[in-house]
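Okay, structure first, notes after.
The values are calculated or read from the model by the stated rules, or taken from the named source; none is laboratory data. All values reported here derive from a predicted model rather than from experimental measurement. Ideal geometry is used to build each Cβ from the backbone, glycine not excepted, and the neighbour counts take in all protein chains shown.
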Amino acid sequence: MSAGPVTRDAEELVLPGSGTRSLAHVLPAVVAALGTDLPGGAAARDALGLPLVERACVVLVDGLGHLNLVERGGHAPFLRSLLPGTEPLVTTFPSTTATALGTFGTGAGPGATCMLGYTVRVPATGRLGNLVSWTDLPDARTWQREPTVLERAVAAGLPVVSVGPARFAGSGLTNAALRGPAYVAAEQLDDRVDAAVRSLRSPGLTYLYWGEVDKAGHHHGWGSWQWGDALAELDAALARLARSLPRGTLLVVTADHGMVDVEPALRRDVGTDPLLREGVALTAGEPRALHLHLEPGADPAAVADRWRTALADDAIVTTRDDAVRAGWFGPVADHVRPVVGDVVVAMTGAATVVDSRTQTPASIALVGVHGSLTAREMLVPLLVHA
């Protein structure tokens, strides 16, 4: 049997909310599988087909797209063994870590969480805030107002532990998306596996994050040997985790987004291109998914038309109103709407649009990126071992 839609065109566009299985379902489904009743949890568990258990470990691998895994599965015998018969989940738009973690952690879309990209325009200041480093942003609980699944689970009496790097304990992104559980700091992957195993000697839920696959992809590309090595390291550690967990523990492996390797010849720069720069006061988001905040008096429809002409088949360009109506961000709250760009751009193929006025040369030169609506970026795995 094939491992999900392996023949699906990686360039096919996948809208958030398409289908009944999304990244938003994972934590509510697992909490329901552990016998804790949260709103929507039972339906999510049914959608994902999870069994009732006493212990569960959820692993989120940054950057491990479903199609990336299928195509490089020779480096991952354990994860590959879990692929047959599975169907991927759909992540968020933008398909990027801060946005996806916001939805993963709350079960709500970016239109509710205000987690709308790598960078966002802060309405109160007009400046760019970074949702990963949490710089130039208000307090996390002020910016992201939705309760997290984990804090609701803890309040309902479920023991929950989060395992990750010490620098993430109490960080802005953690407080926005994953606040609630006890935090266990562990730096190396093997140490995180050991911490997860210890935490699950008693019934409850443990969450484990790993970011090195994404890091390798950004710097070397997901088709590189370095990415293959990072995947192989992950696979060996997760195989050991599966062997070491108490019998009957539910192990769920998923990801926040996939990745594409981009073509420098298809890169455009708002900072140096007068046609793209005209009327654009600030570019937020990232090179595959842009929020264009316009100068006073600029017409969003006119700017969108000009960008469509300039980028042709390399992008889908729409106004804020049309993107919201199309459901790209899910239902959009009033306080979130100004954070969405006046014009929203989703790149296709291997193209990017950067802005050298605000982005560093190192970030512009990244080989592997993500954020847009292609299947390679939007589909993430749901791998279950019990």
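If the condition is being in a helix (DSSP H, G or I) and either modelled with pLDDT under 95 or not hydrophobic (A, V, I, L, M, F, W, C) (or both), then region 169-192 contributes G172, T174, N175, D190, D191, R192. Exactly one residue out of L205, L158, L150 is over 20 Å from H257 (Cα atoms), in a strand (DSSP E or B) and in contact (Cβ under 8 Å) with a residue 40 or more places away in the chain, and it is L205. Looking across F104, F168, one residue alone is under 29 Å from E377 (Cα atoms), surrounded by fewer than 20 Cβ atoms within 10 Å (Cβ to Cβ) and of a type in the set (A, V, I, L, M, F, W, C). It is F168.
Of all residues in region 11-37, those that are touching an Asp or Glu at 6+ places or on another chain (Cβ under 9 Å), of a type in the set (G, A, S) and modelled with pLDDT under 95 total 1.
Within region 321-332, the set of residues being surrounded by 15 or more Cβ atoms within 10 Å (Cβ to Cβ) and touching a helix residue (DSSP H, G or I) at 6+ places or on another chain (Cβ under 7 Å) comprises F329, G330, V332. In region 208-315, counting only strands (runs of 3 or more DSSP E) that sit wholly within it, the ones holding 2 or more residues that are surrounded by 21 or more Cβ atoms within 10 Å (Cβ to Cβ) and either modelled with pLDDT under 95 or within 27 Å of the chain's Cα centre (by Cα) (or both) span 250-255, 280-286, 289-294.
Rundown of residues vs (1) over 28 Å from D261 (Cα atoms); (2) touching an Asp or Glu at 6+ places or on another chain (Cβ under 8 Å), yes/no style:
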site: P296; (1), (2): yes, no
site: V303; (1), (2): no, yes
site: W307; (1), (2): no, no
site: D334; (1), (2): yes, no
site: D342; (1), (2): no, no
site: V345; (1), (2): no, no
site: T348; (1), (2): no, yes
site: P361; (1), (2): no, no
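Candidates L83, L137: the one that is at pLDDT 95 or above, out of contact with any Ser or Thr (no Cβ under 7 Å at 6 or more places or on another chain) and closer than 26 Å to E377 by Cα is L83.
Only one entry of G279, G228, G258, G248 meets the criterion of being in contact (Cβ under 8 Å) with a residue 24 or more places away in the chain, small (G, A, S) and under 22 Å from S372 (Cα atoms), and that entry is G258.
Can you tell which of D322, D314, D235 is out of contact with any strand residue (DSSP E or B) (no Cβ under 7 Å at 6 or more places or on another chain) and not assigned by TED's automatic domain parsing to the domain that holds V213?
Working: D314 fails: out of contact with any strand residue (DSSP E or B) (no Cβ under 7 Å at 6 or more places or on another chain); D235 fails: not assigned by TED's automatic domain parsing to the domain that holds V213.
Only one candidate qualifies: D322.
Taking region 25-39 on its own, how many of its residues are buried (at least 17 other Cβ atoms within 10 Å of the Cβ) and either in contact with a Pro (Cβ under 9 Å, 6 or more places away or on another chain) or hydroxyl-bearing (S, T, Y) (or both)? Don't jump to the end; show me each part of the working.
Initial filter on region 25-39 (buried (at least 17 other Cβ atoms within 10 Å of the Cβ)): 25-34, 36, 38.
Going one step further and asking which of them are either in contact with a Pro (Cβ under 9 Å, 6 or more places away or on another chain) or hydroxyl-bearing (S, T, Y) (or both), we end up with 28, 33-34, 36, 38.
Final tally of qualifying residues: 5.
With the structure loaded, tell me whether R376 is of a type outside the set (G, A, S) and out of contact with any Leu (no Cβ under 8 Å at 6 or more places or on another chain) or whether it fails that test. No, not satisfied.
Among the residues of region 267-301, write down those that are farther than 27 Å from W134 by Cα and of a type in the set (V, I, T). Passing the criteria: only T272. Does region 61-83 contain any residue that is outside any loop (DSSP other than H, G, I, E, B) and among the β-branched types (V, I, T)? Yes, the conditions are met somewhere in region 61-83.
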